[in-house]
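For reference, the structure discussed in these notes is given below.
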Amino acid sequence: MVGLGNPGDRYTGTRHNVGFDVVQAFARKVAGRPPRLDRLDCRALTGRVKVGDQTVVVARPQTYMNASGESVKGLALKYGVSLERLVVVSDDAALPVGAIRIRRSGSSGGQKGLQSVIDCFGTSAIPRLRLGVRGENFQPGEALDTYVLSRFSKVERPVVDEATALACEALSVFVTEGIDAAMNRFNRSPEEDPAS
């Protein structure tokens, strides 16, 4: 399980780092305590958590967003993880704040970290969970590079926190029941009831 983001304090809490935030929250939830994701492995900070009887390697690449694929591929090869058991968590500026989309394959949608992963593996058949970060203050024509490095507003923060909690549930379902179950239950917009 890989969350995409940029290392360093200046990027903490930005829209572009929700992948980091989600996998950190997931590890905390399943471990029942603050997780240790501090082992440097294949240029990523990693840790292991148990979901039921399964061990999950949780990783946050430290390569910066645009070179994330190098770390992700290295981890997949080292741990012998097949593509269908890998899941990449990233931000998506095309989706409204709080929307969750889980897909087994597809384009990167312009997300450079996800594109790096696709390029390194040579396929778009990589499961991913995308969390929407496009807020009401986004201006059409605004440079996405600048926008995704901004922080969430006070109004957006509770929506993102709720979506992060749902994303953690979706990742647990992905691990225990598979991607189809996760897609059926959790692909939603923020205003939709997750049970529908």
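Results, tabulated for the structure shown:
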| item | result |
| --- | --- |
| Hey, GLU136 under 25 Å from VAL49 (Cβ atoms) and more than 14 Å from the chain's Cα centre (by Cα) or not | no |
| Flag for ALA125 being free of Cβ contacts under 8 Å to residues at least 60 places away in the same chain, in a helix (DSSP H, G or I), surrounded by fewer than 18 Cβ atoms within 10 Å (Cβ to Cβ) and hydrophobic (A, V, I, L, M, F, W, C) | no |
| Scope the range 1-38; condition surrounded by 15 or more Cβ atoms within 10 Å (Cβ to Cβ) and part of a loop (DSSP other than H, G, I, E, B); matching residues | MET1, LEU4, GLY5, ASN6, PRO7, GLY13, PRO35, LEU37 |
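Matching residues to (1) loosely packed, with under 14 Cβ neighbours inside 10 Å; (2) in contact (Cβ under 8 Å) with a residue 60 or more places away in the chain; (3) among the hydroxyl-bearing types (Ser, Thr, Tyr):
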{"residue": "ARG60", "(1), (2), (3)": "no, no, no"}
{"residue": "VAL97", "(1), (2), (3)": "no, yes, no"}
{"residue": "SER107", "(1), (2), (3)": "yes, no, yes"}
{"residue": "GLN115", "(1), (2), (3)": "no, no, no"}
{"residue": "GLU142", "(1), (2), (3)": "yes, no, no"}
{"residue": "LEU149", "(1), (2), (3)": "no, yes, no"}
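Since every read-out is calculated from the coordinates, none of them should be taken as a lab result. Keep in mind that this is a model prediction, so the values were computed, not measured. Backbone-built Cβ (ideal geometry, glycine too); neighbour counts: all protein chains shown.
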